[in-house]
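Below is one structure; the comments refer to it alone.
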Protein chains: 2
Amino acid sequence: MTKQEGIVLGVAGRLFREKGFAATTVRELATAAGMLPGSLHYRFPTKESLLVELMERGMMQAIERVRAAIEVEDTPLNKMRSALREHLSILVEGDDAIYVNLYEFRSVTGAARARILRLRDAYEALWDGMLHAAVGAGLIRAGLDLRMVRFLLLGAVNWSAQWYEENQNYTPGEVADAFFSISAFGFCNDGVGGLLAQSAERPEVQLTDVFDDGDRSG
Amino acid sequence: MTKQEGIVLGVAGRLFREKGFAATTVRELATAAGMLPGSLHYRFPTKESLLVELMERGMMQAIERVRAAIEVEDTPLNKMRSALREHLSILVEGDDAIYVNLYEFRSVTGAARARILRLRDAYEALWDGMLHAAVGAGLIRAGLDLRMVRFLLLGAVNWSAQWYEENQNYTPGEVADAFFSISAFGFCNDGVGGLLAQSAERPEVQLTDVFDDGDRSG
DNA sequence: GTATATCTTGGTCATATGACCAAACAAGAG
DNA sequence: CTCTTGTTTGGTCATATGACCAAGATATAC
């Protein structure tokens, strides 16, 4: 990737995120990148090719970042929490490519669509691996549909991009930890959070196993 | 609202959902509504006015439907579960106005933007009311940020519109109940779901208080 | 049955848009 | 210096787009 291409992809991410793919013109892209429309055409033959390039690079980067965040953790629950943090961090404070992946996929057609879907499958496989490992370790309560756990967690973080900008009272890590805490232990008083506070009958359950770095959200 | 306006709003919802607002042309809208562009212009002076009308009507209907679903329930948790079910049902099998509200708000400008934001606030107030009632009834574990509970639940259901179409193995009610069950009682084996299964020490906690109509997801 | 209000028709108009290109220019290799 | 390769310029072209309207058609009121 040349430096100029990097600039173009950067402004494309920003504009596609701000205005949407369909509402962004190639002239706006060229101007924002500091070049004329013809130069943009020289590097990316169509507007959609620019979108596809942006999405594929972004998705591959995200997979690598989350994979790295998982690797350094020890237990399945810590891996999940770390992956959630990394996912949300990329989405709300990383580059815009992942936001575009999530919200502009509709504009991708043809073969590129299938390629991006494969990348998504690879990312989801990371999550399913963690979830199955957690089941194998006896950490997940019986009778749950693991896909629903994934849909709940990833849906909540993906949607966070919609409200986070206006609501910066939280760090991405706080949001991710709150989502993890609620969905892992329940918001009900009878979930482990409440039960542990109410009794010492099960001392082997340690919240600090999960929140071990001191920045859990309040 | 005349019959013709209803038809126009219906096709507008469908097309805005399928292709997005920016990528839908007034000619497509007119053709799909069985009229000529001029007729469409007679009823809605601009494309954006059509979007705004669709969104405002949809939002008001949704508020009423969820309010009605809440009213017939007795306990705070049952109200929340019912609201979640209704919300998801409207989103994935109701008319398209709510999907458009969620995913095309970016295209609304000026005064209409503020009006729609007020409707959103009214909807969120419904949720905050339920959550505070649950806190008042001692049902929520201490130390949780209620906004995070709302963001988790509504984020997960709002995002469901992205994957539900391709994954119709579940009914909307099953999905909503699964999300509620996981986030209320936790996916961990040490959440209330697991603890209750493991011991009868707390017989006063009844899962069937929440899942009382027999169609909980598996 | 006529007058009035409502709606539709078929088209225009100015502008915006994505794609494209021939020629000019820049930079490095030999 | 010169040749070659890579890049930019400034613009064109056909089409698409949102907005709009004068005239005709239809329905409604009285």
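The values are calculated or read from the model by the stated rules, or taken from the named source; none is laboratory data. It should be emphasised that the depicted structure is a prediction, and the values quoted were computed from it without experimental measurement. As a convention, Cβ positions derive from the backbone with ideal geometry for all residues, glycine included, and neighbour counts pool all protein chains shown. The area values use the complete protein model at the heavy-atom level, side chains included, leaving out ligands, DNA and RNA. Shrake-Rupley method; radii C 1.70, N 1.55, O 1.52, S 1.80 Å.
Summary of values
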| item | result |
| --- | --- |
| Helices (runs of 4 or more DSSP H) wholly inside region B:23-116 containing at least 1 residues that are in the same structural domain as B:GLU174 (by TED's automatic domain parsing), open to solvent by less than 10 Å² (accessible area, probe 1.4 Å) and more than 13 Å from DNA strand D (Cβ to nearest atom) | B:47-71, B:76-93, B:97-103 |
| Matching residues, region B:115-144, being within 12 Å of chain A (Cβ to nearest Cβ), of a type outside the set (A, V, I, L, M, F, W, C) and touching a helix residue (DSSP H, G or I) at 6+ places or on another chain (Cβ under 6 Å) | B:ARG141 |
| Identity of the residue in region B:152-169, without any contact (Cβ under 8 Å) to a residue 40 or more places away in the chain and open to solvent by less than 20 Å² (accessible area, probe 1.4 Å), that ends up farthest from B:ASN101 (Cα to Cα) | B:LEU152 |
| Qualifying position, being within 12 Å of DNA strand C (Cβ to nearest atom) and within 28 Å of A:SER89 (Cβ to Cβ), among A:LEU9, A:LEU51 | A:LEU51 |
| Filter result for A:GLU18 (part of a helix (DSSP H, G or I), of a type in the set (Asp, Glu) and without any contact (Cβ under 8 Å) to a residue 12 or more places away in the chain) | yes |
| Region A:12-22: number of residues that are within 14 Å of DNA strand D (Cβ to nearest atom) and either exposed (fewer than 15 other Cβ atoms within 10 Å of the Cβ) or among the hydrophobic types (A, V, I, L, M, F, W, C) (or both) | 2 |
| Sole exception among (1) outside any helix (DSSP H, G or I); (2) not assigned by TED's automatic domain parsing to the domain that holds A:ALA161 for A:GLY13, by number | (1) |
| Criterion violated by A:GLN168 - all others in (1) within 7 Å of chain B (Cβ to nearest Cβ); (2) at pLDDT below 90 satisfied | (1) |
| Residue within region A:137-149 that is among the acidic types (Asp, Glu), touching a residue at least 12 places away in the same chain (Cβ under 8 Å) and open to solvent by less than 50 Å² (accessible area, probe 1.4 Å) present | no |
| Tally of residues being farther than 16 Å from B:PHE180 by Cβ and either within 16 Å of DNA strand C (Cβ to nearest atom) or among the hydrophobic types (A, V, I, L, M, F, W, C) (or both) across region B:54-89 | 8 |
| Complete set of residues in region B:145-176 that are of a type outside the set (D, E, K, R) and not in a helix (DSSP H, G or I) | B:TYR164, B:ASN167, B:GLN168, B:ASN169, B:TYR170, B:THR171 |
| Residues satisfying the stated conditions in region A:49-94, i.e. under 25 Å from A:GLU18 (Cα atoms) and among the hydroxyl-bearing types (Ser, Thr, Tyr) | A:SER49, A:SER89 |
